[in-house]
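Trainee: Okay, handing you the structure first.
The values are calculated or read from the model by the stated rules, or taken from the named source; none is laboratory data. It should be emphasised that the depicted structure is a prediction, and the values quoted were computed from it without experimental measurement. Every residue, glycine as well, gets a Cβ built from its backbone with ideal geometry; the counts of neighbours run over all protein chains shown.
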Amino acid sequence: MEYVNLGASGLAISRLGLGTMGFGDPAWRSWVLREDAARPIFDRALEHGINFFDTCNYYSGGESEILLGRLIRNAGVERESIVVATKFGMPMSDHANARGYSRKNIFAAVDASLRRLDMDYIDLYQTHIWDPDTNLEEMMSALADLIAAGKVLYIGATDMPAWQFVKANCIAEARNAPQFVSMQNHYNLLWREDESELLPYCHANGIGWIPYSPMARGALCGRERRTGGASERLRTDEYIDIWYGRDADLSVGSQVDQIAAKHKVQPGQVALAWVLARHLQAAPIIGIDDTAQLDAAVAALTLQLDDDDEKSLTDSYLPRLRG
């Protein structure tokens, strides 16, 4: 396994992170795995040297955090050898202050996550679905206090407008306070919208890049999976059609299939290798249904795409209209 620093920070993470949105309670989403099915995947990830695990308080209503904490404890690994990332911001109750990025919710959310994880600290604490009305000064002040209290080591963001991300870090810099060290954003061959502003800012300022859905939630894992709905997630995940259902997306998918045949690998490996090649410090988050998929993802670390592959994969991309 390769390891890279999370941006300019000193935190070393594996080149692949294991996402655990699919670990928890299938009552939340039908494709979510219970502990007996999730444990072999987690154990194999450790065998491969993966040390970076990403979850969220919202996944399975908190059950994902509970399960991840239990998997880590039962595996007998040292807490210091594992990098745990979680997120906050989505509604966790019906009352008005159980969501968003107020000081009140930030403090309540971190304590609740620590209880569910059964840990003393969170390595990387990230905003989740963005609220454009957030008071950035209040949010950055509260997050700095979490770091000062030792509850959080680093802070990161997920999918927010570039200008607000920049402004938040400028506020922190002006106060000599901790800044966001990472951005976890939606990025793959079918969704490249952040190439214009957000990613150049991250690259220029040493901000770690944690792309999620590098295989487009399975849409780039082969024609058979796209058309046959071979997995429960492909059959039930409405976002696959919403985000990746354009004719241009199908064209890119066909190119992925052809290049996979050329290299004698799986299409998903091509899609993942392409994301990995965007930045030497990128650490994509992968969602896995079984150990075979995990083995294939790790093998993609050594897949080298040539210039012709790059051209074929990128020429058919159609940017989305901005409102």
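Trainee: Mind counting the residues in the range 203-227 that are surrounded by fewer than 23 Cβ atoms within 10 Å (Cβ to Cβ), modelled with pLDDT of 75 or more and more than 15 Å from D289 (Cβ to Cβ)?
Mentor: Within the range 203-227, residues that are surrounded by fewer than 23 Cβ atoms within 10 Å (Cβ to Cβ), modelled with pLDDT of 75 or more and more than 15 Å from D289 (Cβ to Cβ) number 5.
Trainee: Still on this structure: Given (1) under 30 Å from S9 (Cβ atoms); (2) at pLDDT below 95; (3) aliphatic (A, V, I, L, M), where does A230 come up short, assuming only one miss?
Mentor: Condition not satisfied by A230: (1).
Trainee: If you don't mind, another one. Determine whether the range 242-249 contains at least one residue that is outside any helix (DSSP H, G or I), modelled with pLDDT under 95 and either in contact with a helix residue (DSSP H, G or I) (Cβ under 6 Å, 6 or more places away or on another chain) or of a type in the set (V, I, T) (or both).
Mentor: No, every residue in the range 242-249 fails to be outside any helix (DSSP H, G or I), modelled with pLDDT under 95 and either in contact with a helix residue (DSSP H, G or I) (Cβ under 6 Å, 6 or more places away or on another chain) or of a type in the set (V, I, T) (or both).
Trainee: Can you tell me how many residues within the range 121-134 are in a loop (DSSP other than H, G, I, E, B) and free of Cβ contacts under 8 Å to residues at least 60 places away in the same chain?
Mentor: Total satisfying the criteria: 7.
Trainee: Taking only pairs six or more apart or across chains, which ones have beta-carbon atoms under 8 Å, a first residue in the range 135-161 that is surrounded by fewer than 16 Cβ atoms within 10 Å (Cβ to Cβ), and a second residue that is assigned to a loop (DSSP other than H, G, I, E, B)?
Mentor: Going by the 8 Å Cβ cut-off, the qualifying pairs are N135/Y101; N135/S102; E138/Y101; E138/S102; G150/D120; G150/Y121; P161/W130; P161/P132.
Trainee: Hey, among the residues in the range 162-186 that are touching a helix residue (DSSP H, G or I) at 6+ places or on another chain (Cβ under 8 Å) and part of a loop (DSSP other than H, G, I, E, B), which one's nearest to Q126 (Cα to Cα)?
Mentor: Looking at the filtered set, the residue picked out is F180.
Trainee: Would you check which residues across the range 267-297 are closer than 16 Å to P211 by Cα and not in a loop (DSSP other than H, G, I, E, B) and list them?
Mentor: Result: G268, Q269, V270, A271, L272, A273, W274, V275, L276, I285, I286, A297.
Trainee: Being of a type in the set (S, T, Y) and either closer than 23 Å to L313 by Cβ or surrounded by fewer than 19 Cβ atoms within 10 Å (Cβ to Cβ) (or both) is the filter here, so list the residues in the range 173-202 that pass it.
Mentor: Within the range 173-202, Y187, S196, Y201 meet the criteria.
Trainee: Within the range 133-144, is even one residue charged (D, E, K, R), touching a Lys or Arg at 6+ places or on another chain (Cβ under 7 Å) and modelled with pLDDT of 95 or more?
Mentor: yes
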